[in-house]
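Below is one structure, written out as C-alpha cells, with a few remarks after it.
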Amino acid sequence: MNLEKFRGVIPAFYACYDEQGNVSEEATKELGNHLYNKKVKGLYVGGSSGECIYQTLEERKETLRIVAENLRGKLTLIAHVGAPSTRDSVILAQYAAELGYDALSAIPPIYFKLPENSVYNYWSKIMDATDLPFIIYNIPQTTGFDLSISLLQKLRNNPKVIGVKNSSMPVMDIERFKAAAGENFIVFNGPDEQFVAGRLIGADGAIGGTYGVMPELFLYADEFVKTNDFVHAREIQTKINDIIISLCSLEGSMYAAIKAILALQGVSIGGVREPLENIHEGDLEAIHQIKNQIDEAIAHYGKVLA
Ligand SMILES: CC(=O)N[C@H](C=O)[C@@H](O)[C@H](O)[C@H](O)CO
Ligand SMILES: CC(=O)C(=O)O
C-alpha cells in the first residue's frame, strides 16, 4: 500500500456546534474548507479534539458524513471510531468506510482497565468490520493504556495495521514503534509540543489538536525539518509551545480557547460541550493576545521561508 497520503501535517478536527450546542453542518463545512485552504495534508475526524467522548453515536456519524461529503478526494481523511463499546465502534467504522474515508483509527477501550488481550480483540474487530487500513491511537495520558512493543508486533501481523498515532510524551516511543514495526509503516507525532523532536526521531507524519488554530506554524516547522534548517525548527517550536502553554492557562479549556481564537480568525464553530469548560469573561483579553502571538509568528516565519 502506498502510504504517501499519510505523510504530512494532519489537524485533528474540532467539534463544530451551533449556538444551541448542536452539531452544525454549516460550521463543520466552514472549518473543513478553512483547513483545506491552508493546504494541510488531511484531517483526523472525531478524535479527542472532536470531543468524541461527549457526543452521541448519531452526532459522530453526522460529523463524519459532513466532512466526507465536503472533502473526500481533496484531503486524506482519517475517521476516529473509538467508542466505549466494540459494537458502537464497529458501527462507526462501517459508516466511515461507506463514506469513503482513507483510514480508521481508534483509542483502546476506556473506563474498565482491560487486559492487552481485550484491547487486541477490540482493535481487531474494528479492522475486521471493513477493508480500510487502521491506525492505532496510543494516548496513555487519557486512556491509561500504554501500547507495548509486543502488542504492536502482534497487531502488525494484520496487514490492515498501517500506523500508530503516538501521543505518549517520550519521543523515544516513536523511534521504538518504528523500529518494531519496520518498513511501510507510518508513525504520527502526537504531542504538538514535540512536533520537531518527533519528526527528527522518525515520525513520518503528525496529527495534532492545536494545528487547527495555527496550521501555518506546523507546516512551516515541517518545512524547516525537511530542509534541515534546525535553527529555525527549534525556534518555531519554542513559539508554538509558548502559544500552547497560553492556550492551556485560561479558565476555559484549551479547546474553548482555540475555538474563541478561530472565531476571531473568521471561523465560528461554537463553544465546547460540558464538562469541558467554556471561555470565561476574564479570558477574553488573553485570547486576543494569543491570537496576536499566532499572527506574529505566522507573519515572521512566512517571511523566513519566502
Ligand atoms: C493529550 C492530547 O490530547 N494530545 C493531543 C494528541 O496527541 C495533542 O495534539 C495535544 O492536543 C497538544 O499536544 C496540546 O497539548
Ligand atoms: C490529536 C487529537 O487531539 C485528537 O485525537 O483529536
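A short reminder: the numbers here are calculations on the coordinates, not readings from a lab. All of these numbers come straight from a predicted model, not from anything done at the bench. Virtual Cβ from ideal backbone geometry, glycine too; neighbours counted across all protein chains shown.
Tabulated data
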read-out: Long-range neighbours under 8 Å by Cβ, at least six apart or interchain, first residue assigned to a loop (DSSP other than H, G, I, E, B) within the range 150-165, second of a type in the set (S, T, N, Q); value: N158/S124
read-out: Yes/no for I207 being within 12 Å of ligand 1 (Cβ to nearest atom), among the β-branched types (V, I, T) and touching a Lys or Arg at 6+ places or on another chain (Cβ under 7 Å); value: yes
read-out: Top-ranked residue of the range 212-258 - restricted to ones that are among the small types (G, A, S) and touching a Leu at 6+ places or on another chain (Cβ under 7 Å), ranked as farthest from D283 (Cα to Cα); value: G212
read-out: Top-ranked residue of the range 4-63 - restricted to ones that are under 30 Å from V225 (Cα atoms) and of a type in the set (S, T, Y), ranked as farthest from ligand 1 (Cβ to nearest atom); value: Y36
read-out: Complete set of residues in the range 64-88 that are surrounded by fewer than 24 Cβ atoms within 10 Å (Cβ to Cβ) and assigned to a helix (DSSP H, G or I); value: R65, I66, A68, E69, N70, L71, T86, R87, D88
read-out: Residues within the range 178-193 that are under 28 Å from L219 (Cβ atoms), in contact (Cβ under 8 Å) with a residue 24 or more places away in the chain and more than 16 Å from ligand 2 (Cβ to nearest atom), tallied; value: 4
read-out: Among residues of the range 2-50, those that are under 19 Å from V81 (Cβ atoms) and either in contact with a Leu (Cβ under 7 Å, 6 or more places away or on another chain) or in a loop (DSSP other than H, G, I, E, B) (or both), counted; value: 12
read-out: Criterion: touching a residue at least 12 places away in the same chain (Cβ under 8 Å), crowded, with 18+ Cβ neighbours inside 10 Å, under 16 Å from the mean Cα position of the chain (by Cα) and away from ligand 2 (no atom under 13 Å from the Cβ) - qualifying residue of F13, F6; value: F6
read-out: Test: Y111 is in contact with a strand residue (DSSP E or B) (Cβ under 7 Å, 6 or more places away or on another chain) and not in a strand (DSSP E or B); value: no
read-out: Candidate set: the range 38-53, residues that are closer than 19 Å to Y95 by Cβ and out of contact with any Phe, Trp or Tyr (no Cβ under 6 Å at 6 or more places or on another chain); chosen: the one nearest to ligand 2 (Cβ to nearest atom); value: G47
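Rundown of residues vs (1) within 16 Å of ligand 2 (Cβ to nearest atom); (2) in contact with a Pro (Cβ under 8 Å, 6 or more places away or on another chain); (3) polar (S, T, N, Q), yes/no style:
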position	(1), (2), (3)
G198	yes, yes, no
F224	no, no, no
E235	no, no, no
K239	no, no, no
I243	yes, no, no
